[in-house]
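The structure appears right after this line, and notes come after that.
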Amino acid sequence: MIAFSEGDEMKRRYAGVWFMLLTVGISPRLDAFDYETLDSGVKESLLKGEVVALSKRPDETGEADKRFVTLAQVLEGTRRELWDVIHDKEDAELFVDGVLESKVIESSGTEILVEQKTRVGGPKGAYYYQLRHKLTPYSRSDFKFVSGEMRDVIGSWWIFDGPDEKRSLVVYSLHIDPGIFAPQVVVKGGMRKSMPGTLKSMQREVLRRRESGRNEKE
């Protein structure tokens, strides 16, 4: 057995504490972001049903990535109801504003490859592309560009508990780069106008499915 002096023991304890602090510091923690942690003014706007622009994505602990437009809204629905609608890629063209075609072409575990044609703006107006989605059911999805008629697409969906059990906080963050002939200032301006429509589409479909299920039971 190796004997430690009191000084050695104190050093060992401090080393353990510092290691723990460093580990926490370099690991993005989503549990530090939820409805209750939001500014009171932001919560007031959300409770009114407004779409709120966030200065950072929920997983950003340092400087914000300026490429993204990040919006939040409190929507009626459980996390499961909202997840099922947000990730229904086979029927997205039927209920999401701006989606013209959508289908899953690969599916394996918690990843799917989706091919879509959407109305984005820019010189072509509508674009074909493929996105790979990494899924964390009922809480988060990250997607990134694989191929298609654009230069880049990156984004995420988050679903958090809301102000009560009937509502959830949804965060939608997106970066789109259609190419050289579409300046980012113009693209981001268009996204700020179109992304609230996407959130509205999700809300409308959750309520439609809920009502449809109710009617079927009757």
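The values are calculated or read from the model by the stated rules, or taken from the named source; none is laboratory data. Note that this is a predicted model, so its numbers are computed, not measured. Heads up, the Cβs are rebuilt from the backbone with ideal geometry, glycines too, and the neighbour counts pull from every protein chain shown.
Observations, loosely collected:
- Only one entry in L113, L71, L135, L75 is outside any helix (DSSP H, G or I), at pLDDT 95 or above and closer than 22 Å to P183 by Cα, namely L71.
- For region 149-160, the set of residues classified as surrounded by fewer than 20 Cβ atoms within 10 Å (Cβ to Cβ) and modelled with pLDDT of 95 or more consists of I154 only.
- Once region 37-67 is narrowed to residues that are more than 16 Å from F160 (Cβ to Cβ), under 18 Å from the mean Cα position of the chain (by Cα) and among the hydroxyl-bearing types (S, T, Y), the residue that is modelled with the lowest pLDDT is T61.
- Test: residue in region 120-129 that is part of a strand (DSSP E or B), surrounded by 15 or more Cβ atoms within 10 Å (Cβ to Cβ) and basic (K, R): no
- Criterion: of a type in the set (D, E), modelled with pLDDT of 95 or more and under 23 Å from K103 (Cα atoms) - qualifying residue of D142, D177: D142
- Selection count, region 138-153, where residues are closer than 20 Å to E76 by Cα, assigned to a strand (DSSP E or B) and not basic (K, R): 1
- Any pair with Cβ under 7 angstrom, 6 or more apart, that starts in region 196-213 at a residue that is touching a residue at least 24 places away in the same chain (Cβ under 8 Å) and ends at one that is polar (S, T, N, Q): L199/Q73
- When we screen I159, I180 for residues that are closer than 30 Å to T37 by Cβ and β-branched (V, I, T), the only hit is I159.
- Qualifying residue in region 89-98 (condition: assigned to a strand (DSSP E or B) and surrounded by 15 or more Cβ atoms within 10 Å (Cβ to Cβ)): no
- Any hit, region 23-36, residues being at pLDDT below 95, surrounded by 12 or more Cβ atoms within 10 Å (Cβ to Cβ) and over 26 Å from Q203 (Cα atoms): yes
- Residue in region 165-176 that is of a type in the set (A, V, I, L, M, F, W, C), assigned to a strand (DSSP E or B) and out of contact with any helix residue (DSSP H, G or I) (no Cβ under 9 Å at 6 or more places or on another chain) present: yes
- Subset of region 168-197 (residues that are within 18 Å of L46 (Cα to Cα), crowded, with 19+ Cβ neighbours inside 10 Å and not β-branched (V, I, T)): S168, L169, Y172, S173, M195
- Among the conditions (1) farther than 23 Å from A64 by Cα; (2) not in a helix (DSSP H, G or I), S156 misses just one, which is (1).
- S139 meets each of the listed conditions (1) farther than 23 Å from L46 by Cβ; (2) among the small types (G, A, S); (3) within 13 Å of the chain's Cα centre (by Cα) apart from (1).
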